[in-house]
Amino acid sequence: MQSAHPAATELRSQLASLHVPVDRTTRVALRVRVSRYVDETKRLGWTPQRVIVAVKQIAHDAGLSRSGGASIGITTASDPARTSA
């Protein structure tokens, strides 16, 4: 499933070019791209669930597999592996 949204194309491209470990600058840029995509889909009236599914699909299309965010240095507030730096 390929999304034709410009923000989706940018996000997919950045995800496809990720190198581990992900540095701080890359994490910030990735967060900006994800936020841009979320904002674009919200303007289109997408539900949060639809956006989440779409972001997961974009990541899959970019060649990422599900293995836990900590492996590429991306954590969420609820991630037990998150440590304060």
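What to note about this one:
- Annotation: of all residues in the range 59-80 being surrounded by 12 or more Cβ atoms within 10 Å (Cβ to Cβ) and assigned to a loop (DSSP other than H, G, I, E, B), the one that is modelled with the lowest pLDDT is Asp79.
- Number of residues in the range 1-58 that are surrounded by 13 or more Cβ atoms within 10 Å (Cβ to Cβ), assigned to a helix (DSSP H, G or I) and not hydrophobic (A, V, I, L, M, F, W, C) equals 12.
The values are calculated or read from the model by the stated rules, or taken from the named source; none is laboratory data. Everything numeric here is computed off the predicted structure, so don't read it as measured data. All Cβ positions, even for glycine, are placed from backbone atoms using ideal geometry, and neighbour counts span all protein chains on display.
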